[in-house]
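One structure is given below, encoded as structure tokens.
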There are 2 protein chains.
Amino acid sequence: MLRTVNCGELNLSNKGKEVTLCGWVQRSRDKGTLLWIDLRDRYGITQLFFDETSNVDLIKKARSLGREFVIQAKGTVIERESKNPNMPTGEVELKVSELNILNEAITPPFTIEDETDGGDELRMKYRYLDLRRNAVRKNLELRHRLAIETRNYLDSQQFLEVETPVLIKSTPEGARDFVVPSRMNEGQFYALPQSPQTFKQLLMVSGFDRYYQIVKCFRDEDLRADRQPEFTQIDCEMSFVEQEDILQTFEGLTRHLFKKVKDIDIPALPRMTYADAMRNYGNDKPDTRFEMTFVYLNEANNNVVGGKEFKVFDDAELVVGICAKGAANYTRKQLDELTEFVKRPQVGATGLVYARYNDDGTIKSSVDKFYSEEDLKKWATAFGAEKGDLMLILAGGKDKTVKALSELRLEMGTRLGLRYKNAFSCLWVVDFPLLEWNEGDPNLLASLAGRWHAKHHPFTSPKPEDIELLKTDPGAVRANAYDMVINGVEVGGGSIRIHNRNLQAQMFEVLGFSKEEAQKQFGFLMNAFEFGAPPHGGIAFGFDRLCSLFGGADSIRDFIAFPKNNSGRDVMIDSPSEISDEQLIELSIGVVKAEK
Amino acid sequence: MLRTVNCGELNLSNKGKEVTLCGWVQRSRDKGTLLWIDLRDRYGITQLFFDETSNVDLIKKARSLGREFVIQAKGTVIERESKNPNMPTGEVELKVSELNILNEAITPPFTIEDETDGGDELRMKYRYLDLRRNAVRKNLELRHRLAIETRNYLDSQQFLEVETPVLIKSTPEGARDFVVPSRMNEGQFYALPQSPQTFKQLLMVSGFDRYYQIVKCFRDEDLRADRQPEFTQIDCEMSFVEQEDILQTFEGLTRHLFKKVKDIDIPALPRMTYADAMRNYGNDKPDTRFEMTFVYLNEANNNVVGGKEFKVFDDAELVVGICAKGAANYTRKQLDELTEFVKRPQVGATGLVYARYNDDGTIKSSVDKFYSEEDLKKWATAFGAEKGDLMLILAGGKDKTVKALSELRLEMGTRLGLRYKNAFSCLWVVDFPLLEWNEGDPNLLASLAGRWHAKHHPFTSPKPEDIELLKTDPGAVRANAYDMVINGVEVGGGSIRIHNRNLQAQMFEVLGFSKEEAQKQFGFLMNAFEFGAPPHGGIAFGFDRLCSLFGGADSIRDFIAFPKNNSGRDVMIDSPSEISDEQLIELSIGVVKAEK
């Protein structure tokens, strides 16, 4: 090794020791006859000390070093005159006797500091420099730790890690596939897996009993802010289980990770049905760090807003609100901001009604013209509001209003400081619908519009008691499917699978597959079900998302070493890019540019 | 869980316990009023017992079960009358009180036994059934264990596991890339990585210090018998190291794996130069489980075969042989077989000369017409041959003869039983040449023929003392490159990397890149070298190969859950396959079939 110790390990116990360090020049302080350099590596920072009186040439050489030079320094560990108690190596410094420049550095385009002056684009282009920053490196160290502990837990539970293939077959009934032309099979293509779903099910048919893999998956979507075309899953499957067994096992994983990685004890995870989640939070991944649940105001059996000549409420399919505790003192400006917020196109409401329950016991609303104090008292009762609370109400079409109120709820949670980065509220959402109607999802092939689409995937088992509904009312069929939600983020989801050939065939039929298509695309799986398939089920966790959650960050990008931007480009290596004609010819493909 | 215990855990200590088992019907024995079923799962086999006197309906149901039916059996653990000491559960059986069929099974196309009646093709098509066989499953369990222990060791050595991207950029200077058309970037392509080489080097530039990953890599090669288009590497890189540090660290990994997984203590790994390996074994991955090194017979300073009117030897560029200990008693038939062996096209020799050192002290050769007993004594001295030994000699052009003799040496090792499956001889081969001349390697793009090609890869550092030769005699430059060889298999290889921009640019120039090409394809890396790149180096192990070696098998295929065949096809899922016009149009590509 070019070093004998690293930059994070020296302390007073090493005083007097001769050592060699390697690292990067973080910064230097030149006091004329004395000079100090902070030397950085992955493990920490150690201060180097140069003294003109002991060696003129050496301090001259040290003075010539620029930021981010890579150097090797030999010397003696001495006690510092002014100690820094905030760093592990803060009591000592290295009195340098020999200095070697291992590599020079031109000035980086942004500062290598926690608070850097580099913008997003610049940092992506020079990602290898961005990764030098402590903050980013710590994210990836966290990721490493989470992966290790995930494997430790699953190994202790007798899961076997099995690698499934990356070059598979295109089955574009889900999101779009990335495909790979085959040189040896002219006109044919592999596809990259959106998940190892069918393979892990086959492993269950093979009797592997418990499988896992931390695995790259691929989805050719129009990228939203926080999606990546390639992403990592903790992918798991178990045999001879019922839903409860999977919930217990992976609740165990979650608790293990929180304990080992963050030393946090997570209580048993509550279960919430999809129906309840939608009714109480307007969201199938509710942020349960705070309550503020939905209050329905115009239901047939309990209408506290109707019949008062207020057309907006009278004509609305749904009038629903939330009660923001202690927010009655919101200023006009704050309330206007909230109104602006709900009217944003992404939120989509047409307006906001509010009512303040003042400390003096009066209630004042933005619709006092229509509602008496007595009417408003009824609202307060419905909301369970107390003095000091603010009632916020939206009205309109059902789906749109629910969605908008869910956004408003989250916004209020943020504004009221209820969404603590270091509080973790975990739950299971269960009893998802099996199917949803595809009106024309832009992330699916256009030819799939106007069909039922599997909400989870086509291999999810309907609840046995709902199977009959597949023929009469597919939208009402509930699935043996579950999501793990933490702080309003869906970190994992899975289901009990179909393990019966006929039921699987029926499912494909509901999804609009012809018998031939189903056989062509998934015949291998349906055939496998005939050779003794055990009851089985599983789950997959979004590993990038889990890491960002553990890291207390909103974006996954800083938990991925080399992420792509929103156009799916890696701007550092400049990919994707054109390939040579020689390559195209060998692959039997040509580029067909669209007419402009 | 549908079971309370698995099929591998019951023994006499559980006698009298009520338990529930799930699994597959391996076989049944029907003695009329009594019936036994072997129930199988991943963990073992437990015998189920049915007794007509206690329940007529139950034994009837049991009798209806076919091979590979999936069942659930409840009952009481009882002591067996006739115990089977060869299986962990052999002292007990389950007296069944309730039997549920979880799934039926049609008859599998081959038997699910260690010695199956299924041929290769059938087993590949029904891979999910082949994976039910103990032998295959045990291979994948071994793989799991090796992965876990690899990570444990590297984690203990402060390596960080970092995932690098799968969608990268095509740089077809090595083997052919698989490419992926980008829908969002018309006419552009990603490539799948042949290795994470440039990314791991960038991680070193980022100061990650020690990186590893067990990672899928891709190479679009014409597949040889034991190659896969996707394969798995243990990929590692370290900073501030010299070659010796890497050899020590990964020798440590190898010893850790042998100890933990096979409880074998591996001695310190010897080092052998490439030159010595080629001279003594004719092979840069010598099988050192046995000696039988090459003996050169017509070298200028030591010619023991020339001048005796034997034209074959006199005209040969090279006369070289091996001494097979104790094989002097080989029959004429055996010697003829060896002659046939060396004349095979894959071996390529034109003939074989032999000389027996008989027990009576006489030496008899196949060329006695030209060589006297005294001449042959000189041969024996050169070979270090003793009574009972057989000398085998080839002659011809140098490269061809060396290659043929290497094959013959391995063949003799096999015939003499010197290549024990459970003996492991590990070594490092070092000082590889940096470059080799590409005469037209079919695994490279045709446009790369007639150029120097990097033997390891273009990022490998030449030995500092040889850098000057890059300009005058590129073929003579030695690299700081090393391979780990176990039992004649190259299980890993790596190098110290170039970390200087100018040297890297010079390397690309030698490889025939124009400045523009080098900048376009690898500019990001060369730029990174300007921002303070540390000295670094690394290694990659072929994980599939390592697993097969630990498993004592020759082929990697049975250590991969879902391998592809020699045409790169997955015959189980029938991939690659055609994709829809809708997909092609979205991807801006078309299929261009070659004229027939």
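Let me check against my output: what whole-number percent is the relative contact order of region A:290-419, with C-alpha pairs under 8 Å and at least 6 apart? List each step's numbers first, then the result.
On the way: 220 pairs, mean separation 43.9, N = 130.
This gives 34 percent for region A:290-419.
So what is the orientation-averaged projected area of region A:167-292, using the convex hull of its C-alpha atoms, in nm²? Walk me through the numbers on the way to the answer.
Working: hull surface 46.3 nm².
With the hull built on Cα positions only, its mean projection is 11.6 nm².
Mind listing the phi-derived Karplus ³J(HN,Hα) values for region A:61-74, rounded to whole Hz, using 6.51, -1.76 and 1.60 with θ = phi - 60°, and x for any glycine or proline?
Here the 3J(HN,Hα) series is 5, 4, 5, 7, 6, x, 3, 6, 4, 9, 10, 10, 10, 10 Hz.
Tell me, what is the percent relative contact order of chain A, built from C-alpha pairs under 8 Å that lie six or more residues apart? Before the final figure, lay out each step's value.
On the way: 1117 pairs, mean separation 76.1, N = 596.
Over chain A, the number comes to 13 percent.
Using amide H atoms built 1.01 Å from N in the peptide plane, name the residues 5+ places from B:Arg80, or on other chains, whose amide H lies under 5 Å from its own.
Result for B:Arg80 returns B:Val92, B:Glu93.
Given H placed 1.01 Å from N in the peptide plane, which residues other than close sequence neighbours of B:Lys169 have an amide H under 5 Å from its amide H?
For B:Lys169, the qualifying residues are B:Ala191.
Shape verdict for region B:12-103, please, from the Cα gyration tensor: rounded (a/c under 1.5), prolate (a/b greater than b/c) or oblate. If you can, show how the numbers build up before the last one.
Numbers: a/c = 1.44, a/b = 1.19, b/c = 1.21.
Rounded is the answer for region B:12-103, as its axis ratio a/c remains below 1.5.
How tilted is helix B:515-528 with respect to the longest principal axis of chain B? Cα atoms for both, answer in degrees (0 to 90, nearest 10).
60
Hey, how many Å between the Cα centroid of region A:70-149 and the Cα centroid of region B:148-219?
Computed from Cα coordinates, the inter-centre distance equals 24 Å.
Checking an interface number: how much accessible area is buried between A and B, summed over both chains, with a 1.4 Å probe, in Å² rounded to 100?
Working: alone 29920 and 29990 Å², together 48170 Å².
Chains A and B together bury roughly 11700 Å² of accessible area.
Using a label point 7 Å beyond Cα on the Cα-Cβ vector, give me the inter-copy distances for B:Lys463 in nanometres, one decimal, shortest first.
With the label placed 7 Å along Cα→Cβ, B:Lys463 yields 7.4 nm.
For region A:205-292, run through the GluC sites (Glu not before Pro) and keep only the ones in DSSP coil with at most 15 other Cβ atoms within 10 Å of their Cβ.
On the way: sites: A:Glu221, A:Glu230, A:Glu237, A:Glu242, A:Glu244, A:Glu251, A:Glu291; in loops: A:Glu221, A:Glu242, A:Glu291.
Here the GluC sites (Glu not before Pro) that fit, given the DSSP loop and packing criteria, are A:Glu242, A:Glu291.
Within 14 Å, Cβ to Cβ, of B:Ile467, how many net charges do the neighbouring residues add up to if Lys/Arg are +1 and Asp/Glu are -1?
Details: positive: B:Lys463, B:Lys471, B:Arg478; negative: B:Glu465, B:Asp466, B:Glu468, B:Asp473, B:Glu509.
Residues close to B:Ile467 contribute a combined charge of -2.
Just checking the output field for A:194-207: average partner chain Cβ neighbours within 10 Å of each residue's Cβ? Mind dumping the intermediate values first?
Numbers: counts 0, 0, 2, 0, 1, 6, 0, 1, 8, 6, 1, 7, 12, 16.
Across A:194-207, the average partner-chain Cβ count within 10 Å equals 4.
Would you mind checking which residues have amide H under 5 Å from B:Glu161's amide H? H placed 1.01 Å from N; only 5 or more apart, or other chain.
B:Tyr212
Can you give the average number of partner chain beta-carbon atoms within 10 Å of each beta-carbon in peptide B:18-27, as a whole number? Please list the in-between numbers first.
Working: counts 0, 0, 1, 1, 6, 6, 4, 1, 0, 0.
Partner Cβ neighbours, averaged per residue: 2.
Roughly what angle does helix A:398-415 make with the longest principal axis of chain A, taking Cα atoms, 0 to 90 degrees, to the nearest 10?
Roughly 30 degrees, rounded to the nearest 10.
Could you rank the peptides B:377-386, B:27-36, A:534-543, B:392-401 by their average count of other C-beta atoms within 10 Å per residue, with the highest value first?
A:534-543, B:392-401, B:377-386, B:27-36
Shape of the protein assembly as shown from its Cα gyration tensor (a ≥ b ≥ c, root eigenvalues): rounded if a/c is under 1.5, otherwise prolate when a/b > b/c, or oblate? Let's see the in-between values first.
Working: a/c = 2.02, a/b = 1.35, b/c = 1.50.
Because a/c hits 1.5 or more and a/b fails to exceed b/c, the protein assembly as shown counts as oblate.
So what's the angle, to the nearest 10 degrees on a 0 to 90 scale, between helix B:332-343 and the longest Cα principal axis of chain B?
Rounded to the nearest ten degrees, it is 70.
Report the paramagnetic label zone for B:Glu81: residues of region B:23-61 whose backbone N is under 11 Å from a point 7 Å from Cα along the Cα-to-Cβ axis.
B:31, B:33-35
Cα centroid distance between region A:373-435 and region A:521-557, in Å?
Centre-to-centre distance over Cα atoms comes out at 31 Å.
Between A:Asn438 and B:Glu186, what FRET efficiency follows from the Cβ-Cβ distance if R0 is 30 Å, with the result rounded to 0.05?
Details: r = 26 Å, r/R0 = 0.87.
After rounding, the FRET efficiency stands at 0.70.
With θ taken as phi - 60° and the coefficients 6.51, -1.76 and 1.60, list the Karplus ³J(HN,Hα) couplings across region A:298-309 in order, rounded to whole Hz; mark glycine and proline as x.
Values per residue, Gly and Pro as x: 10, 6, 3, 8, 7, 9, 9, 10, x, x, 10, 6 Hz.
Can you tell me the relative contact order of region B:12-103? Whole percent, Cα pairs under 8 Å, sequence separation 6 or more. Don't jump to the answer; show the numbers that get you there.
Details: 196 pairs, mean separation 30.0, N = 92.
This gives 33 percent for region B:12-103.
With charges set only on the Cβ (+1 for Lys and Arg, -1 for Asp and Glu), what does the dipole of chain B come to about its Cα centre, in debye to the nearest 20?
Numbers: 78 positive and 91 negative charges, 260 e Å.
Approximately 1240 debye in magnitude.
Applying the Karplus parametrisation 6.51 cos²θ - 1.76 cosθ + 1.60 with θ = phi - 60° to the phi angles of region B:539-556, what ³J(HN,Hα) value in whole Hz is obtained for each residue in order, glycine and proline being reported as x?
Taking θ as phi minus 60°, the curve returns 7, 9, 9, x, 6, 4, 5, 4, 5, 5, 5, 5, x, x, 10, 8, 9, 7 Hz for region B:539-556.
Given 20 °C and 1.002 mPa s, how large is the Stokes-Einstein diffusion coefficient of chain B in µm²/s, with Rh as the Kirkwood radius over Cα pairs? Intermediate values should be presented prior to the final figure.
Numbers: Rh = 28.6 Å.
Estimated diffusion coefficient is 75 µm²/s.
Using only atoms on other chains, find how many Cβ atoms lie within 10 Å of each Cβ of peptide B:559-568 and report the average.
Details: counts 0, 4, 13, 9, 1, 3, 0, 1, 3, 7.
Partner-chain Cβ atoms within 10 Å, mean over residues of B:559-568: 4.
Under the convention of a label 7 Å out along Cα→Cβ, give the distances in nm from A:Glu340 to the same position in every other copy, shortest first.
Computed spacing set for this position: 9.1 nm.
Rounded to the nearest 500, what is the 222 nm mean residue ellipticity of the protein assembly as shown from helices alone, with -39500 (n - 2.57) per DSSP H run of 4+ residues and division by all residues?
Details: 32 runs with 330 residues, N = 1192.
Taken over the protein assembly as shown, the calculation gives -8000 deg cm²/dmol.
The values are calculated or read from the model by the stated rules, or taken from the named source; none is laboratory data. As the structure is a computational prediction, the values presented were derived from the model and not from experiment. Here the Cβ is made from the backbone with ideal geometry for all residues, glycine too, and neighbour counts use every protein chain on show. These area figures cover heavy atoms from the full protein model, side chains too; ligands, DNA and RNA do not enter into them. Shrake-Rupley method; radii C 1.70, N 1.55, O 1.52, S 1.80 Å.
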